[in-house]
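The values are calculated or read from the model by the stated rules, or taken from the named source; none is laboratory data. Everything numeric in this text was worked out from a predicted model, so none of it was measured. Backbone-built Cβ (ideal geometry, glycine too); neighbour counts: all protein chains shown. Each accessible area value is taken on the protein alone, full model and side chains, heavy atoms only, with ligands, DNA and RNA left out. Shrake-Rupley method; radii C 1.70, N 1.55, O 1.52, S 1.80 Å.
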Amino acid sequence: CISQVFYDGKWHMYDGDLKAAYLHRDNETVVGEQDIVRDHDLIKRGHSQGILQPVNRGAEEWLAGTYGFEAEVKGDRGAYRDGSLKMTLRPGEALVWRWGHLNPPKAHSANPQLYPDTVCNGLWEYRPDFAKETWRKGAVVEGVKSTPAGLTEGTITWTMKAPYVMVGGQLVSEGQGAEFQISWDGKTWAPVGDFDKQFASGGKHARYVYQLRCRLAGTATLKSLAIVNDLQMAPLLLPEMGVGKNAFTYTDESTSRKVRVTHDWVERSASKPPAASPGAVYPPDKGEAAGTDIAFKWTPPSDPDGDKITDYQFELSNRADLRWPLSMSFFKMISKTPDAGNARYTLPEPGLLTGDKKYYWHVRAKDAKGVWGPWSATWSFTVKAPNYPVELSMESGTLRWKPNPAGKKPALYRVYGSDEKGFSVSDQPYNVFVGANQELKNPFPANFVAETKSTELAVSGRTYYRVVAVDEAGKRSGPSDYFVAPRPTIFSVPEAKAKAGAPYQYAVRANRSLGQMTFRQGNAANFWDIEKLRFALAKGPDWLKIDAETGLLSGTPPAAGAFEVEVTATLDREVRKLDHDTLIWGNEKVVSTAVERVGTATQRFTIAVAK
């Protein structure tokens with residue numbers, strides 16, 4: 001279940017949980033879920049899980065595997081819709097926004113200490129004043145009496161509701177004999193026990209509301225009460241203060257009010273922030289970048305205290321106001337990249353920027369005391385590079401394409417091919433996250449096929465092809481969208497000669513699809529859709545046999561002669577139908593399975609057997 005927005009006639013995926021939006025190869029259009037299902041390379045060329053997550057190719061491949069549903073996307077899954085930052089405060093009730101966190105931090109997470117700086121712990125406090133009758137308006141009261149010794153003889157039920165998830169707390173009461181119970185649904189009640197653990201981190205349910213009941217029986221009294229809950233807050237949603245003058249506006253919807261707003265803060269003056277970087281080194285400001293395999297460089301700033309610069313934040317956008325980054329590949333903490341410790345950020349691969357486009361970027365520095373300095377000036381540059389080829393097609397085994405009308409004119413093209421759907425181009429052997437698969441072995445072979453100055457190339461032996469453009473300076477574009485070749489196609493060359501009385505062998509080879517790594521519920525990650533070739537000998541002499549699984553044609557001819565042979569290669573694939581109502585909740589229920597014929601190929605040849 002993911003979040004998508006419909007505009008320009010199609011869906012676009014914006015994943016707030018994984019802090020990612022992935023781009024098409026034009027580096028402008030945000031992809032939709034089905035785009036990713038079709039081509040996992042759209043995720044593998046990007047970055048997921050936010051600015052604090054280190055660069056990790058394996059993690060991107062793992063994440064790409066979570067997208068695998070190929071059928072029509074329909075319906076929706078309702079989310080929690082009752083939340084609101086509106087709140088009603090009773091007399092004696094307060095919300096405390098805090099920018100720090102407890103130690104250890106408290107959060108609705110199995111591991112809140114993973115990124116502690118992203119967790120703030122505020123407070124929701126309720127301290128009813130039992131000396132005033134107004135306390136009764138904030139509770140359901142049954143038979144309670146007010147006496148000089150406190151409240152007696154009855155039951156009080158408070159509903160505690162906060163706009164932030166509750167992750168802990170404490171219950172402090174004065175009196176004797178009062179019995180406290182807690183309920184999450186207003187029906188089932190349990191003793192409070194350890195109040196803080198009622199909101200333990202990593203619990204199944206996020207707690208925004210609960211009821212607290214106090215029973216006063218016999219001589220029990222309640223003189224005072226403080227209900228305090230720890231809240232989980234996100235730093236980016238908290239009000240901000242900056243150095244200098246700050247103005248605050250308070251509003252509410254009450255017709256009459258008595259409200260106290262208090263501001264407390266601590267000045268951090270032990271360390272002065274580093275200065276802004278004085279200038280861009282490469283690409284030069286208002287200049288050009290040759291190619292898209294860019295290593296951004298800037299001049300390190302000074303620090304007034306002489307502290308070491310320990311990190312930089314880098315941002316790039318196609319907007320002059322840098323309102324948001326171009327993609328998550330351009331929203332970086334340099335300490336989380338291979339360039340850690342340097343005033344540099346190297347793009348992981350060509351093609352993440354577009355030739356002839358203008359881009360804007362800036363950086364800021366952090367010193368050894370953890371203090372961030374101001375952003376540098378906004379620098380700009382224009383990319384001079386070829387762009388990915390378009391309109392791939394194939395006819396009679398010849399792959400064709402067109403140069404991209406934007407960007408520099410290509411001088412030549414590099415063709416890549418693989419049987420892995422959504423493959424990434426590579427000139428060297430490379431590792432792939434294969435999950436639990438035992439058939440596929442790392443490293444995968446390099447998938448470079450050939451280089452040509454033409455816009456076409458005769459190809460065979462692979463199922464998926466991409467093309468990369470190269471300019472006269474050797475600068476490459478990103479890879480094209482992939483083209484799917486017909487399958488199966490028998491591409492092996494027959495062994496047409498044999499000798500009487502001597503063993504004969506010929507391995508028939510045909511292409512197929514490996515699919516791409518995906519997940520299925522209850523199973524490990526796997527290449528689930530590997531197509532299985534079945535070979536058959538449709539015509540041939542009695543002495544010739546074929547292995548149906550491997551395609552090995554073998555035998556020993558007893559005498560000389562010419563023998564006509566016809567072999568076939570057949571591909572079938574499993575098609576699963578899933579229950580959609582179950583699927584939208586992240587679970588799989590297979591309604592039916594069927595076998596679908598992908599295709600059949602035939603090869604005819606003659607074996608000339610000599611004496």
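Using mean Cβ contacts within 10 Å as the protection proxy, how do 588-594, 556-562, 159-165 order, highest first? Present the calculation step by step, with values, prior to reporting the outcome.
Numbers: 588-594: 10.9, 556-562: 13.0, 159-165: 17.0.
Packing proxy ranking, top to bottom: 159-165, 556-562, 588-594.
Distance between the 7 Å Cα→Cβ label points at VAL5 and VAL598: 3.8 nm. Counting 0.36 nm for each residue step from TRP372 to THR147 and taking away their Cα separation leaves a gain of 75.4 nm. Beta bridges from DSSP with both residues in the chain: antiparallel share about 95 percent, rounded to the nearest 5. Here, the chain has an Rg and a Dmax of 33.4, 122 Å when only alpha carbons are counted.
If contacts are Cα pairs under 8 angstrom and at least 6 residues apart, what is the relative contact order of segment 491-611 in percent?
Numbers: 267 pairs, mean separation 35.3, N = 121.
Dividing the mean separation by the residue count of segment 491-611 yields 29 percent.
Between the alpha-carbon centres of segment 207-227 and segment 170-206 there is a gap of 10 Å.
Taking only DSSP H segments of four or more residues, each worth -39500 (n - 2.57), what value at 222 nm results for the chain once the sum is divided by all its residues, to the nearest 500 deg cm²/dmol?
Working: 4 runs with 22 residues, N = 611.
Taking each H run of at least 4 residues, the total per residue is -1000 deg cm²/dmol.
Would you kindly work out the equivalent ellipsoid of segment 495-577 from its C-alpha gyration tensor and give its semi-axes, the square roots of five times the eigenvalues, largest first in whole Å? Spell out each step's value before the answer.
Working: eigenvalues 277, 26, 16 Å².
Value: 37, 11, 9 Å, ordered largest first.
Over segment 197-245, the reciprocal of the mean inverse Cα-Cα separation, the Kirkwood hydrodynamic radius, stands at 15.5 Å. Shown for the chain: the carbon plus sulfur share of the solvent-accessible area, taken with all protein chains present and a 1.4 angstrom probe, equals 51%.
May I ask for the distance between the Cα centers of segment 306-358 and segment 18-93, given as a whole number of Å? Here the answer is 21 Å between Cα centres. Each semi-axis of the equivalent ellipsoid for segment 178-329 is √(5λ) with λ an eigenvalue of the Cα gyration tensor; in descending order they amount to 52, 22, 18 Å. Per-residue packing, averaged as other Cβ atoms within 10 Å, sorts the ranges 103-113, 290-300 into the order 290-300, 103-113, beginning with the highest.
Each Cα pair under 8 Å and six or more residues apart adds its sequence gap; the mean of these over the residue count of the chain is a relative contact order of 10 percent.
Beyond 17 Å, what percent of the Cα pairs of segment 472-516 remain? Working shown, then result.
Numbers: 624 of 990 pairs.
Counting pairs separated by more than 17 Å, the tail of P(r) holds 63 percent.
At an R0 of 25 angstrom, the distance between the Cβ atoms of LYS86 and PHE248 translates into a FRET efficiency of 0.85.
Rg to Rh for segment 277-381: what is it, with Cα atoms only and Rh by Kirkwood?
On the way: Rg = 13.3 Å, Rh = 13.9 Å.
Expressed as Rg/Rh, it is 0.95.
As a calculated quantity, the FRET efficiency between SER454 and ASN111 at R0 = 41 Å, using C-beta atoms, amounts to about 0.15. Our Cα-only numbers for segment 1-104 put the radius of gyration and Dmax at 18.7, 57 Å. Computed over segment 58-127, the P(r) tail beyond 21 angstrom holds 62 percent of alpha carbon pairs.
Give the calculated FRET efficiency between ARG323 and ALA234 to the nearest 0.05, with a Förster radius of 22 Å applied to their Cβ-Cβ distance. Please list the in-between numbers first.
Numbers: r = 20 Å, r/R0 = 0.89.
FRET efficiency, ARG323 to ALA234: 0.65.
Put a dot 7 Å past the Cα of ALA131, heading toward its Cβ, do the same for GLU72, and the two dots end up 7.0 nm apart. Relative to the current alpha-carbon distance between ALA340 and GLU439, full extension at 0.36 nm per residue lengthens the span by 31.9 nm. The convex hull drawn around the Cα atoms of segment 377-456, when projected onto a plane and averaged over every direction, covers 8.8 nm². Accessible surface for the chain, divided over its residues, is 54 Å² per residue with a 1.4 Å probe.
The length gained by stretching the chain between GLU472 and VAL266 to full extension, at 0.36 nm per residue less their Cα-Cα distance, is 68.3 nm. Once you reduce segment 453-508 and segment 580-610 to the center of their Cα atoms, the two points are 22 Å from each other. Once a ≥ b ≥ c are taken as the square roots of the eigenvalues of the Cα gyration tensor of segment 437-581, is the result rounded (a/c under 1.5), prolate (a/b larger than b/c) or oblate (a/b not larger than b/c)? Verdict is oblate for segment 437-581.
A protection proxy built from the mean count of other Cβ atoms within 10 Å ranks the segments 511-517, 188-194, most packed first, as 511-517, 188-194. If a/c stays under 1.5 just call it rounded; otherwise compare a/b with b/c (prolate if a/b is bigger, oblate if not). Do that for segment 252-318, with a ≥ b ≥ c from the square roots of the Cα gyration tensor eigenvalues. Oblate. Normalising the Debye intensity of segment 65-217 to I(0), with uniform scatterers on Cα atoms only, and taking log10 at q = 0.14 Å⁻¹ returns -0.83. Across segment 146-198, the mean sequence separation of Cα contacts (distance under 8 Å, 6 or more residues apart), normalised by length, yields a relative contact order of 31 percent. Between the listed residues VAL73, TRP361, VAL567, the Cα displaced farthest toward the positive end of the dipole of the chain, a dipole computed from Cβ unit charges relative to the Cα centre, is found at TRP361.
What residues from segment 509-553 fall in the zone where the backbone N is under 16 Å from a label point 7 Å along the Cα-to-C-beta line of ALA559? Taking a point 7 Å out along Cα→Cβ of ALA559, the residues of segment 509-553 whose backbone N falls under 16 Å are 541-544.
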